[in-house]
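What follows is a set of notes on a single structure, which appears directly below.
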Amino acid sequence: MMSTIASTSTLASMEGVTRRFGKTLALNGLSLEVVEGSVCGLLGPNGSGKTTAIRSLLGLSRINAGSASLFEMPLHSRGFASAVRQTGALIEGPALYGRATARRNMQIQARARGLRSAGPEIDRLLELVGLSARADSKTRGFSMGMKQRLGLALALIGSPRLVILDEPTNGLDPAGIVEMRELIKRLPESGVTVLVSSHLLAEVELMCDRATIIDRGEVVADGTMAEILSEAGAHGGYRIRVAAAEVQRAAATLSDIGLQVEAVESRELPADAPIRELAVTGPIEDGSQINVLLAGAGIYVSELRRDDPDLESVFLSLTGGPDGSGGMRDVG
Amino acid sequence: MSAELLKIRSMPTPLWCLIAVLICFVLGLAGTFAWGTGGDESGVIDLAIGFPLGIASIVFGVWMFGVEFGQNTQRRTLTADPRRFRLVVSKVLALLFCLFLVTTLLHLLALPLYDLAASRHDQSISIQEITRAGLASLLTNVVYALIGMAFSLIVMSMAGGMTIALVFIYIIDTLIPAIPKVGDYAMGPALAELTNNIRGYETDLFGYEIEKAGVTAAIIVAAWVIGLLAIGTFRLIRSDVK
């Protein structure tokens, strides 16, 4: 039987963790915290240090400086092994014994966790991830999606309180991604806290209560989605469409009351369209204000909609844009 | 240890090792039936059972950790239980259990079957010969398997471990005795001294008289095995897990 560690609100934490691989600085004073009962996202471009952070947290990779703990047990302390045994993990894709069946893979993991009779739990988990029908098939014939789902089942064996998933939707088709996302979102209902890493923004936005965005081994944003958007200075605005002939007048009318107006290109509107789109930002409480103001000036909008900031735009602005300039840092 | 035994039961490499050993067993039995033992009962048992078991033990020993490196399952094993030294102990115990089981069963099986086959030529194989051959084989198998395991840990690779273990046991270890002074501490001659004494041989393959095995030979063999295993374990504990 597993020993139980006292309940705590912070299940995993890293404080100022630094990890170098030769001249490459993979983690640069990284700090993060996983609060009990949450689905916490670890977001970053490829090569930003997400997997290294997760490996360090689980004691698989050494750290050069800083501290990490699971269930308040510091890395490599006496109680750390017990803390790891209360943690399920899926790191860099599922590690499966290809010549063994799905069920046998589960049995091996159960035994390695010290569980003797895990038969009913194995059946339940295989059912949960939709692999009951293939339970007795060798996993080398599995598709990537099936392997990922089995990886999740392996991570959940032994009823862990914390599950750490590294890019769990890699290799899944769109339906599989939705399925996996729903599975992960439901985990806190059964008392499981989740730390999930991804470079897919929509995934994190839809799945997670809070997120830590890292770039080049450093935290660039941390908090709930709303906090991240707000800290990044991303304010919402409105998009309006007016007749092309009225663009100048509409812009001047809105600028007069202190709003910022910018003409934007829309893929939906061809260059010669009689309508133009404007992005309006500034201190507006309600979109109807814009409508009232422009109507008062004799300008009638054909469309008015909110233009909410999304995690993608924040992420790109925080991590150096879409040119893939993120990644690890050379310290040589 | 039970997780390790389950892996052994589930994977093909241990099974193929067993099949190869059983094929040699049957071929040896057929040879004994056809031509008898030629007056060297112990030699027949060594050739048909001991030698194949020795090679299979190297492969099996390398495989114990090699399978984790080869399939990248080490991280999964260590996230189930991160105690790396304990993992080494579990694998060593599972390895010893399997070697003891297979070596004992094959020699127990050989006693009636080979004796029956030899009786066709008015020859016999005694319990004493089988017991001596079995004990010598068990010692060799344990040493070879642990050396194989140690090399797979040191190089952290299945193929690399296999190559280096075979090169060490069949080439390097046979060359070390040629080095003055250092050669006195080679593993191969020390192990041969121990196994020849267990078998009750008085002369070696070339007709030279065999010395009585002393504590020194046992210490030399143990030092090689423990030393290499310690280096491998240290490497496992200190390394990042892929």
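Per residue, what volume in Å³ does the convex hull of the Cα atoms of the protein assembly as shown enclose? Spell out each step's value before the answer.
Numbers: hull volume 118.8 nm³, N = 574.
Dividing the Cα hull volume of the protein assembly as shown by its residue count gives 207 Å³.
Measure of size requested: the Rg and Dmax of segment B:105-156, with Cα atoms as the atom set and Å as the unit; please supply both.
In order Rg, Dmax, the Cα atoms of segment B:105-156 give 16.0, 52 Å.
For the protein assembly as shown, what is the mean residue ellipticity at 222 nm derived from helices alone (per DSSP H run of n ≥ 4: -39500 (n - 2.57); sum divided by total residues; nearest 500 deg cm²/dmol)? Present the calculation step by step, with values, prior to reporting the outcome.
On the way: 21 runs with 280 residues, N = 574.
Rounded to the nearest 500, the figure is -15500 deg cm²/dmol.
At what distance in nm do the modelled label points of B:Arg86 and A:Ala252 sit from each other, each positioned 7 Å from its Cα along Cα→Cβ?
Computed distance between label sites B:Arg86 and A:Ala252 equals 7.8 nm.
How large is log10 of I(q)/I(0) for chain A at q = 0.06, 0.08 Å⁻¹ when the intensity is taken from the Debye formula with one equal scatterer per alpha-carbon?
-0.30, -0.49
Using the basic label-point model (7 angstrom from Cα toward the beta carbon), what is the B:Ile219 to B:Leu47 distance in nanometres?
3.8 nm
Can you list the aspartates and glutamates whose alpha carbon is less than 15 Å from that of B:Lys7, not counting same-chain residues fewer than 8 positions off?
List returned: B:Glu68.
Compare the peptides B:56-64, B:168-176 by average per-residue count of other Cβ atoms within 10 angstrom and give them in order, highest first.
Numbers: B:56-64: 26.9, B:168-176: 15.1.
Ranked by mean Cβ neighbours within 10 Å, highest first: B:56-64, B:168-176.
In whole Å, largest first, what are the principal axis extents of the Cα atoms in segment A:62-190?
Between the extreme Cα coordinates on each principal axis of segment A:62-190 lie 43, 34, 30 Å.
Using 0.36 nm times the number of residues separating B:Asp40 and B:Leu116, minus their current alpha carbon distance, what extension gain do you get? Could the numbers behind the result be given before it?
Values: separation 76, 0.36 × 76 = 27.36 nm, distance 1.56 nm.
Gain in length upon complete extension: 25.8 nm.
Please report the Cα spread of segment B:101-242 along all three principal axes, rounded to whole Å, starting with the longest.
Answer, in whole Å and largest first: 60, 38, 24 Å.
Give the lysines whose C-alpha is closer than 21 Å to that of A:Lys23, dropping any in the same chain fewer than 8 places away, or say none.
A:Lys50, B:Lys242
What's the long-distance tail for segment A:56-129, i.e. % of Cα pairs beyond 16 Å?
On the way: 1624 of 2701 pairs.
In whole percent, the share of Cα-Cα pairs in segment A:56-129 beyond 16 Å is 60.
Using a Förster distance of 45 Å, how high is the FRET efficiency between A:Leu206 and A:Ala243, based on the Cβ-Cβ distance and rounded to 0.05? Please report the intermediate quantities before stating the final value.
Numbers: r = 37 Å, r/R0 = 0.83.
After rounding, the FRET efficiency stands at 0.75.
Give me A:Cys40, B:Cys24 sorted ascending by neighbouring Cβ count inside 10 Å, so fewest comes first. Provide the component values of the computation, followed by the final result.
Working: A:Cys40 25, B:Cys24 20.
Listed from fewest to most nearby Cβ atoms, that is B:Cys24, A:Cys40.
Please report, in Å, the Rg and the Dmax of segment A:1-150, where both are computed over Cα atoms only.
17.3, 49
Simple spin-label model, 7 Å along Cα-to-Cβ: A:Thr101 to A:Asp136 in nm?
Distance between the two pseudo-spin positions: 0.5 nm.
Taking amide H positions as placed in the peptide plane 1.01 Å from N, state which residues far from A:Glu218 in sequence (5 or more) or on other chains have amide H under 5 Å from it.
Answer set, sorted by chain and number: A:Asn28.
Taking just the C-alpha trace of chain B, give me its Rg and Dmax in Å.
18.9, 61
What value in Å³ per residue do you get for the convex hull of the alpha-carbon atoms in segment B:1-79?
On the way: hull volume 7.0 nm³, N = 79.
About 88 Å³ per residue, rounded to a whole number.
Bear in mind that the values in this text are calculations on the coordinates, not laboratory data. Keep in mind that this is a model prediction, so the values were computed, not measured. All Cβ positions, even for glycine, are placed from backbone atoms using ideal geometry, and neighbour counts span all protein chains on display.
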